[in-house]
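Undergrad: Dropping the structure in here first, questions after.
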Amino acid sequence: MVDLGAILLAAISLPVKPFLCKAMMMALDGEKLVSCCKTVSRKEVTDPITGYWIQNYNAPCVPAVIFEMEKGLFCSYHRQPWVHRKIQQFE
């Protein structure tokens, strides 16, 4: 059995950069760990992106494109033109 308390404690103790993991929220839903973007940034990502995924609205999670980088995850506003350009680079 996974010790969710230890996982949350480890996640909380990680260094946080603005709008990287700061925008991610973690909550326990029974035995399930839930993570999502509660806020997004309109600022363009300049670090190399290693992947991305799309998050749909499901309160408290907001619509977002989540970019994965070496530094962590970045929650971006899905309607920014630069976000669409970055996604096209992966297709």
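The values are calculated or read from the model by the stated rules, or taken from the named source; none is laboratory data. The structure displayed is predicted, hence computed values, not measured ones. Glycine also receives a Cβ, built like all others from the backbone with ideal geometry; neighbour counts cover every protein chain displayed.
Undergrad: Find the residue count for the range 66-79, including only residues that are in a strand (DSSP E or B), under 12 Å from Lys38 (Cα atoms) and not polar (S, T, N, Q).
TA: 3
Undergrad: Mind listing just one residue for me: the one in the range 28-42 that is aliphatic (A, V, I, L, M) and at pLDDT 50 or above and, of those, surrounded by the fewest Cβ atoms within 10 Å (Cβ to Cβ)?
TA: Only one residue fits best here, namely Val34.
Undergrad: Related question: List every residue pair whose Cβ atoms lie under 6 Å apart, where the two residues are 6 or more positions apart in sequence or sit on different chains, the first residue falls within the range 47-60 and is surrounded by 10 or more Cβ atoms within 10 Å (Cβ to Cβ), and the second residue, located anywhere, is among the small types (Gly, Ala, Ser).
TA: These pairs meet every condition: Gln55/Ala64.
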